[in-house]
1. Just how much of A:Tyr209 is accessible, in Å², when a 1.4 Å probe is used and the result is rounded to the nearest 10?
2. Which distance in Å, rounded to a whole number, links the C-alpha centroids of region B:2-18 and region B:203-251?
3. Quick one: net charge of A:Leu210's neighbours, Cβ under 14 Å, K/R +1, D/E -1?
4. Just to confirm my numbers, what's the Cα centroid distance between region B:105-144 and region A:34-109 in Å?
5. With +1 on the Cβ of every Lys and Arg and -1 on the Cβ of every Asp and Glu, and nothing else charged, how large is the dipole of region B:38-135 about its Cα centre, in debye rounded to the nearest 20?
6. Using packing as a proxy for protection, rank A:191-197, B:87-93 so that the peptide with the highest average count of other Cβ atoms within 10 Å comes first.
7. Heavy atoms only, 1.4 Å probe, whole protein assembly: order A:Asp119, A:Asp124 by accessible area, highest first.
8. Just to be sure I understand the interface: list residues from region B:111-134 that lose 20 Å² or more of accessible area between the chain on its own and the complete protein assembly, 1.4 Å probe.
Amino acid sequence: MVGYTWHFGVVWEYREVFLRGALVTAKLTAGALAIGLVLGLLIGMAKSSRRAWLRVPATTYVELFRATPTLVQLVWIYYSLPILTGVQLGSFVSVTLGLGMNAGAYFAEIFRAGILSIDRGQMDAAKAIGMRHWQAMRRIILPQAVRRMIPPFINETATLVKLTTLGSVLAVYELLHESNNLITNTFRPLEVYTTLALAFFAIIYPIIYLSRWLERAWVARS
Amino acid sequence: MIRVVDLHKWFGQHHVLRGIDLEVQRGEVLVIIGPSGSGKSTLLKCLNFLEEYERGAVYFEDRLVGYRDLKGRRVRDHEANVARVRAEIGMVFQSFNLFPHKTVLENVIEGPLVVKRQSRAAAVEVATALLRKVGLEEKLHAYPSRLSGGQQQRAAIARALAMQPKVMLFDEPTSALDPELVGEVLDVMKKLAGEGMTMLVVTHEMGFAREVADRVLMMDEGVVIEVGPPDQIFRAPKEARTAAFLSKVLH
């Protein structure tokens, strides 16, 4: 190790590869985030429902995704789903879908916890003036709950960015996969992986910082 | 206007209401007293189905509340029907339960806008008048967290009144208030009673009961101990349990 000469010039030469990878990472994150949010909201509501036919499947879904490795979920969706459904998804779509479904399970818990954190009296008061359950949810409960959900939700987004690296296993050209390919061309793993780590730090740290800042700002206000 | 027949309610194994019968006439003020844990608040919440009851019946203007008949079997009523009944029954809670993310005015117009689908202008006009009536005309655009407990409770009363309810339920409206703020809330309630509002009031304020109630109902351990005009209940209770309770709260 001592005396190793760094050649970051090689990385600079291939900067486009990193930008390309970062773009794919961003697309994966954005796609999974969109899927995860919608799924999470629906499943979180279903999990809080008093109707067993909604609650039980939702709970099973969350437990299933939380108790199995994300990587296993991704390869399952990529290799097993086509056999069962006859629909062959591309690797990018598979990974986006898989990460989205995975995030959905975690977002569902955040939504549910946020809704549960609102005092029961709020729902009672809304119903007492004649609101339907969904009206009370939309106008009274969710607006209050969302604020409490945002910090954990942002943290989960940071985790999601990290999980996109799993896409490399299914040959999705995100940052890690591009880096691996680059190393086979340049034989410069140290420089490439260091740059890779810094690239992720540059993406994720602002997200974590935003979450902490929001949390503090809101605690200060209330 | 309200008729309760052999009402039973369980919380798990705990039998909270053990066969309540009750009738309230239009314009009547009924004050419900009794030791804590006697089921007073639960009874009130069964009237607008915020609590489900398991046996017996609650009728609001001769309509069964919360259930309907399906081929001779009693099943839960559609949510829309339950909501419609609730819209005609105002409720005021011990902990106010104002919506903290809305201003006082927004709290009061919420029901008329969302449930009654009134225009904003009409709702604001009614709300402003109600808030003036409860003495909060200066606080229209304040958030609940900026108000004292007494002001919050008066805003909550205005919120309930904005739906133009046929009856008002008060669930220990002054129990969470500092002693010096109790009067201002009771004054609003007295004014309301004076205007002929039908009211059911669960309270420990015996002075209010004596002065405003048409009838006082004493409850203990999920049953009605006795009902009568305030004079009789306070001067000459028929039941030993009523006398014992009153001697404790009246010192």
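1. Looks like 120 Å² after rounding.
2. With region B:2-18 and region B:203-251 each reduced to a Cα centre, they are spaced 21 Å.
3. 0
4. 44
5. 100
6. B:87-93, A:191-197
7. The most accessible residue leads, giving A:Asp119, A:Asp124.
8. Correct list: B:Val114, B:Val115.
The values are calculated or read from the model by the stated rules, or taken from the named source; none is laboratory data. Remember, it's a predicted structure, so these values are computed and weren't measured experimentally. Neighbour counts are summed over all protein chains in view; Cβ atoms, including those assigned to glycine, are modelled from backbone coordinates with ideal geometry. Note: areas computed on protein heavy atoms with side chains; ligands, DNA, RNA excluded. Shrake-Rupley method; radii C 1.70, N 1.55, O 1.52, S 1.80 Å.
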